[in-house]
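Okay, so here's the structure we're looking at.
Derivation of every value follows stated rules applied to the coordinates shown; laboratory data play no part. Quantities reported herein were computed from a predicted structural model and do not represent experimental measurements. With ideal geometry, Cβ positions are generated from the backbone for all residues, glycine too; neighbour counts draw on all protein chains shown.
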Amino acid sequence: MEMWISQLFNGLSVSSILLLIALGLAITFGLMGVINMAHGEFIMIGSYTAYLTQNLFKDLLPKGAFDSYFIAAIIASFLVAFVIGYVLEVILIRHLYGRPLDSLLATWGVGLVLQQIARSIFGAPNVAVSSPSWLNGGLELIDGVVFPYKRLFILALVAICLVAMYMYIYRSASGRRMRAVMQNREMAACLGISTRRVDGMTFAIGSGIAGIAGCALTLIGPIGPNIGTYYIVDAFMVVVLGGVGKLVGTVVGALGIGFFNTMFEWWSNASLGKVFVFILIVAFLQWKPKGLFAVRTRQLD
Amino acid sequence: MSQAPILSCKEVTVAFDGFKAVQGMNLLLLPGELRFLIGPNGAGKTTMLDVICGKVKPVSGSVSFHRRPGALDITKLQEHKIAESGIGRKFQTPSIFAGLTVMENLEIAMSQNRSVWATLRATLKPSERERIDEELALIGLGDQRHLRAGLLSHGQKQWLEIGMMLLQEPEILLLDEPVAGMTDKETDKTGELLQEIVRKRTVVVVEHDMEFVRNFASKVTVMHEGKLLKEGTMDEIQSDDRVAEVYLGRGKGRDAHAVG
Amino acid sequence: MKRKGNWFKGMGLAVSVSLALVGCGSNNENNSASSSAPASSAPASSSAASEGGTVKVGILHSLSGTMSISEVTVKNSELMAIDEINAAGGVLGKQIEPVIEDGASDWPTFAEKARKLISEDKAATVFGGWTSASRKAMLPVFEELNGLLWYPVQYEGLESSPNIFYTGATTNQQIVPSVDYLLEQGKKKFFLLGSDYVFPRTANKIIKAQLAAKGGETVAEEYTPLGHTDYTTIIAKIKEAKPDVVYNTLNGDSNVAFFKQLKDAGIAAADLTTLSVSIAEEEVKGIGADFLAGHLVAWNYYQTTDTPENKTFVESFKAKYGADSVTSDPMEAGYTAVYLWKAAVEKAGSFDVDAVKAAAGGIEFNAPEGKVTIDGENQHIYKTVRIGEIQSDGMIKELWNSGSPVKPDPYLKGYDWAGDLSSGS
Amino acid sequence: MTSIFADRRRLWLLLGYIAAAAVLFCAPLYLSDFRLNLLAKFLAFAIAALGLDLLWGYTGVLSLGHGVFFGLGAYAMGMHLKLQASGTRLPDFMDWSGLTKLPWFWEPFKVFPVAVALGILIPALLALFLGFFTFRNRIKGVYFTILTQALVIIVTTLFIGQQAYTGGTNGLTSFTKLLGEPLRSDTMKTVLYLATVAVLVLVFMLCRYIANSRMGKVLRAIRDGENRVRFLGYNPATYQMMTFAFSGALAGIAGMLFVLHVGIISPSMMGIVPSIEMILWVAIGGRGTLIGALIGTLALNYAKSGLSEAYPDFWTIGLGVLFIVVTVFLPGGIAGLIRSGAEAVRRIRGRGNMHESGAHSVLQGSNRSV
């Protein structure tokens, strides 16, 4: 019996990680229509920022303060990724609106460059990030079933990010401006919204959330120049399956892929599990080409 | 009304997420007729054209196209099958292929076998070249034949699209505001073009410019909020109070002059 | 009807294509011009371009891509060996000139660069490769051009190419003895966990046959794709199977994810014994010693191996590449390969590949891992097997070793239970 | 009036192509063994690039999965060569994977012509199958692109997992003979090189024919306005499927020639990165121009092997920057550069053709719509 509970929890935690990774993409790709293949590298930036914060706390601050480094790391990784995202938008993405396929290729180039820069700064081998002590161990509700604190922390972090994003997009003034610019750039410009600044902010927020994802992933995964490539295709699958433009789509997409992945992996092995999930996605898109929560538009193209 | 209609739309209803763009609309077209479809914005005129050419599937009602060998149920067919069977559509914003030259645009619009294998082997026969030259002369783009269509002016693009429609030789031609955004000189020229088009096929024109509609003594259908309001000659339409009220706002008796 | 400027395009094509060819053509000329004798433009004979004071040697590792994690450090140790030899007067009076190439974690690139090193740079030998796939890609090139490759990494065996010397362990010098060791420790139920590529699948095949013959039991066999990062389901399967030991052939980043998540699930080394064959000091640094403390590994060399040669090796490596750098088995194997090549060349008295191969058999060398001897029959080397336990300071303490170096047996002919495994080519 | 210009222009164009073909055909005379092998590999890549250019440059369908079709062609030839090299015995990896007899689906690859046919048919049919299910449901643009990436993951993971049948991550290698002749003899290598050039020239002419035919015009129309084409009576889905299948077949041919030159095929060569690099060749060369695909493939591959020789550490940065610069600031690619360069020369010398001189010609080069 416990197996079912722990597997359900595993499914939920895998979904939460997928959601955290795809959340930033839901903005840059979902709302803005920019295909950012360097999204994985922003996750890497978040992980490396956590590594640097950890070293900073270890060297400068007294031993006791070390455990609180992780909270600082989350904020730092958001800010660093936010700034780099803003700079990237101003230099490059600005020229690529309305050209999705070109933005896909150009950002793939950006990803290559960021990976090589990371490799020359931090070296090719992985770097280690030791997790804060208050996150070690796990909650043991029923004997034999352990819910690791780290996974619970990630679940909580994802929930917070989701609520924050929802409030920002649908309940705040700048969120309204963002949606206005995304739906009709010319009209928004006529109404006096500086579309340039809104574009920059939106892309930067999407990148910032990828930074947070990177920081959270240091708890459970490797930190190295290539980790971006592990997540990028899965993140796009979540957003495409969930339906572009709708936050709830991304959430449901992540839950769907997370649970199916865990279930298939339980019955077969991890490789075949991944294959079944992708076949399922391809088949699903036959039925709903625009994803679960498609936004219907009436123009010709 | 002895002649059998070439196109009959019965009780057509179209809804977008609950909003009923067209409700229970009936429209009968006689072969070779020129019908104007007018009405205020949002009356469902363009949606009606979308239904006939298959761009939008109606929620209920039937649309049948009575061709010589028999009736076709439009709502069952895919868009390209409808176009191939003889219904041409010109869109409101000029939609021509910017990457192709004027000549190439006309070449692919020309009526021909549309299968992949056929177009792979197709070559431009002299007779076809002549027809294209005639069309080019008619729409006045003879000099721009090798120019990329994307570089034409707005008016020229509209004429190119009309030229493409002519070459497609449909039995029914749906024109969506052909003179929108045109100068007076261009509007007159389009008027002459329309005279030429009407001679050989049935045409439905959605239009706001009453002046333009007036110099074609033909039947006019007025739509309002997705429903048929009035059908008759231009004079009957203008004297009808409901049309005036709906069209021009509450004032009675004002001349049913077009509101752009 | 043609669009404008087409005739320019035609000319553009002709010009650019010929430029590209001339470019690489001339590139080829100046290459041979730089290497000495005019004979070099003769068909790719294996006569080494021993020009006056230097002899060219190829270093072919992945300096970019996913495998750079492991291969950059091996390149460094090979270069250190070359510097030491040059300082001590070089080989047959010639200074070794290393030509470094990037395999870019892409197997056809390994084949392309190998061909370039042999036929263009006329390298006397090449040190390189890491994954089995990169070795398999280079093998036909070395056999075709009669080049010489030194492969410094433990691998799945079942191969012995006349043009390759294997200074890493074959299965009977790492996998088989480690399973015997675990069986002696009373670990009967094995959970085989590996990344989905050739080395784990082949190693597991051998382990299953060995366990069946020696009263062990394979409880489960699980594979995860390369770059897999979520091991919660695998850990759940481990909990359910309750094995005595998890025999781990995961590779690269996957190890980081597996051990971090293992600790999260409240499983420490005391609760579950694991033995890994792809985790060395370098990987321990990347994962973090606190996740790995107490877990076992099987290699032929550790930084803590106490031989006089190892003391100097570790000291000079730290001096050259930084105090916090560590030395691991593949790095030591790469370092040893350079010295073994030097010894074989000096014994043969020439850089010619066939002469070096003939002279190599029986050569002994006091490597940092202890005495090693080249087995002339299958061109592997005798190596001492060592089981180690990872300490909380990141070093690996040796628990057991095989006493004397073990004779390499890539086709496991000497093991009766491995009869059906391979007919050997 | 314009026909005089047209004829002279077509003459020059023909001259250009003949000169290029001549330069390629006599390469064995002035290229060393290593450089010839390298060029042969790049020319094989060019064949796949042509197919991709027809699909993306002309029809506007961006597929990031052509590594799979390339790989399937390469595996077909690889299986044939492996069977030739193993003679009567089982291939080595099957032996120690515990197989006792040759799997049934390996049997047809024993015969060379059948292996070549399958190397073209299997990728084409897979492309047709995927195309049928995506284009019919009007899955297009970015959704289609991401689906092709899913296809890559599915196929590579399956090939890696089924090690007993496919050789796993080591793939198929150590080939010895082709049609009874030693694969690695100098004469065989020259013959293979000339065969590659011949196939490339044939494929190039075929693609040019298609691009200039009415079908080619319909393809470009689909790129500019897929829905508009639908209302002209053409079914874009069939056109997209056919072009996708054709480009899949060309990628298969390229794969077969690749494995003959390089001597190995493994799942990593049909992964996500090689598939994206193929697109880069077309993008840099100049999509929508067949010559662009050729120039782009040669230029980029020489740059890649040249750069990585000279600066092993930083060539990925160079590749990344090249990616950005081309897609954003140079959409026309190298071919676009050549064309606008030609126009600049024309305008300076004031030879402009009366009808199209002036503002129009300047704008022509930069028209790019995706």
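Annotations
- Cα centroid separation, the stretch D:115-175 to the stretch A:1-18: 32 Å.
- Long-range amide H partners of D:Leu178 with built H, under 5 Å: D:Leu183
- Near C:Glu283, once Lys and Arg are set to +1 and Asp and Glu to -1 for all other residues with Cβ below 14 Å from its Cβ, the sum equals -3.
- Positive-end residue, the stretch D:35-270 charge dipole about Cα centroid, Cβ charges, pick of D:Leu121, D:Leu219, D:Ser97: D:Leu219
- Considering only D:Ala254, D:Ala27, D:Ala127, the Gaussian network model of chain D with Cα springs below 10 Å gives its largest mean-square fluctuation to D:Ala27.
- Counting every other Cβ atom within 10 Å of each residue's Cβ, C:Asp264, A:Asp59, B:Asp188 order from fewest to most as A:Asp59, B:Asp188, C:Asp264.
- Estimated from the Cβ-Cβ distance and a Förster radius of 45 angstrom, the FRET efficiency linking D:Leu125 and D:Val321 is about 0.70.
- Our coupling estimate for the stretch C:136-143, obtained by passing each phi through the Karplus curve with A = 6.51, B = -1.76, C = 1.60 and θ = phi - 60°, is 4, 5, 7, 3, x, 5, 5, 6 Hz, Gly and Pro reported as x.
- Lys, Arg +1 and Asp, Glu -1 on Cβ, resulting dipole of the protein assembly as shown about Cα centre, debye, nearest 20: 4180
- Among beta bridges that DSSP assigns inside the protein assembly as shown, antiparallel share in %, nearest 5: 45
- Over 28 Å (Cα to Cα) - which of B:Lys157/B:Lys200; C:Lys311/C:Lys383; B:Lys45/B:Lys157; C:Lys237/C:Lys397 fall in this group: C:Lys237/C:Lys397
- Computed from Cα atoms, the angle from the helix D:290-310 axis to the main principal axis of chain D rounds to 60 degrees.
- Chain D: most fluctuating residue of D:Val259, D:Val218, D:Val328 per GNM, C-alpha cutoff 10 Å: D:Val328
- Each Lys and Arg Cβ is given +1 and each Asp and Glu Cβ -1; about its Cα centre, the stretch B:93-169 then shows a dipole of about 260 debye.
- Among the residues of A:170-180, the average count of other protein chain beta-carbon atoms within 10 Å of the residue beta-carbon is 0.
- The stretch D:1-159 shape via C-alpha gyration tensor axes, a/c threshold 1.5: oblate
- Helix axis angle, C:232-241 relative to chain C longest principal axis, alpha carbon, degrees: 40
- Shape class of the protein assembly as shown from the alpha-carbon gyration tensor: prolate, with a/c at 1.5 or above and a/b greater than b/c.
- Dividing the summed helix terms, -39500 (n - 2.57) for each DSSP H run of n ≥ 4, by the number of residues in chain D produces a 222 nm estimate of -23500 deg cm²/dmol to the nearest 500.
- Exposed trypsin sites (Lys or Arg not before Pro) absent - longest run of chain A, DSSP non-H/G/I/E/B, at most 11 other C-beta within 10 Å: A:1-295
- Extension gain for A:Asn184 to A:Tyr168 (0.36 nm times residue separation, less C-alpha to C-alpha distance): 3.9 nm.
- Take each residue of peptide B:209-215, count the partner chain Cβ atoms within 10 Å of its Cβ, and average: the result is 0.
- Rounded to the nearest 0.05, the FRET efficiency derived from the C-beta distance between B:Leu120 and D:Thr88 at R0 = 35 Å is 0.15.
- Looking at chain B alone, DSSP beta bridges between its own residues are antiparallel in about 55 percent of cases.
- Dipole of the stretch A:13-230, positive direction: furthest Cα of A:Pro148, A:Trp108, A:Gly137, with charges on the beta-carbon: A:Trp108
- Taking the helices alone, chain B has a mean residue ellipticity at 222 nm of -10500 deg cm²/dmol, built from -39,500 (n - 2.57) per DSSP H run of at least 4 residues and averaged over all its residues.
- Contour excess over end-to-end distance, with Cα ends at B:Asn215 and B:Asn41 and 0.36 nm allotted per residue: 60.4 nm
- Expected 222 nm ellipticity per residue - DSSP helices of 4 or more, -39500 (n - 2.57), all of chain C, to 500: -13000 deg cm²/dmol
- Residue among B:Ala137, B:Ser153, B:Ala122 farthest towards the positive dipole end of the stretch B:93-169, charges placed on Cβ: B:Ala122
- Centroid-to-centroid separation of the stretch A:160-176 and the stretch A:27-86 [C-alpha atoms, Å]: 21
- For the stretch B:225-236, the Karplus equation 6.51 cos²θ - 1.76 cosθ + 1.60, evaluated at θ = phi - 60°, returns couplings of 6, x, 10, 6, 9, 7, 9, x, 6, 4, 5, 4 Hz by residue, with Gly and Pro reported as x.
- For chain C, the spread of Cα positions along the three principal axes, ordered from largest to smallest, is 71, 69, 47 Å.
- Euclidean distance of C-alpha centroids, the stretch D:241-281 and the stretch C:188-255, integer Å: 34
- Distance in nm between pseudo-label sites at B:Thr13 and C:Ala319 (7 Å out along the Cβ direction from Cα): 9.2
- Comparing A:Ile169, A:Ile281, A:Ile142 in a Gaussian network model of chain A, where Cα atoms under 10 Å apart are tied by springs, the biggest mean-square fluctuation is seen for A:Ile142.
- Reciprocal of mean inverse Cα separation for chain D (Kirkwood radius, Å): 21.9
- Anisotropy class of the stretch A:13-230 from Cα gyration tensor, a/c 1.5 cut: prolate
- Among the residues of A:223-234, the average count of other protein chain beta-carbon atoms within 10 Å of the residue beta-carbon is 5.
- B:Glu245/B:Leu28 FRET efficiency (R0 22 Å; Cβ-Cβ; nearest 0.05): 0.30
- Electrostatic tally near D:Lys41: other residues with Cβ closer than 14 Å to its Cβ, Lys and Arg +1, Asp and Glu -1, net +2.
- The alpha-carbon of C:Lys407 sits under 12 angstrom from the alpha-carbons of these aspartates and glutamates, leaving out residues fewer than 8 places away in its chain: C:Asp375, C:Glu377.
- A cut-off of 5 Å between modelled amide H atoms, ignoring neighbours fewer than 5 places along the same chain, links B:Leu37 with B:Val205, B:Val206, B:Glu207, B:Thr221.
- Close amide-amide hydrogen proximity is noted between C:Val406 and C:Lys383, C:Thr384, C:Val385, each under 5 Å apart and 5 or more residues distant or on a separate chain (H modeled in the peptide plane; Pro and chain starts excluded).
- 3J(HN,Hα) couplings calculated from phi for the stretch C:358-371 with the Karplus curve 6.51 cos²θ - 1.76 cosθ + 1.60 (θ = phi - 60°) are, in sequence order, 5, 7, 5, x, x, 5, 10, 7, 7, 7, x, 7, x, 6 Hz; Gly and Pro show x.
- Principal-axis tilt of helix C:198-213 within chain C, Cα atoms, nearest 10 degrees: 40
- Radius ratio Rg over Rh of the stretch B:182-241, counting only Cα atoms, Kirkwood formula for Rh: 0.99
- A convex hull fitted to the Cα coordinates of the stretch C:135-290 yields 116 cubic angstrom per residue.
- Taking the Cα centre of the stretch D:35-270 as origin and assigning +1 to Lys and Arg Cβ atoms and -1 to Asp and Glu Cβ atoms, the resulting dipole is close to 580 debye.
- Here's the list of aspartates and glutamates a cross-link from B:Lys125 could span, going by alpha-carbon distance under 13 Å and ignoring same-chain residues fewer than 8 apart: B:Glu107, B:Asp133.
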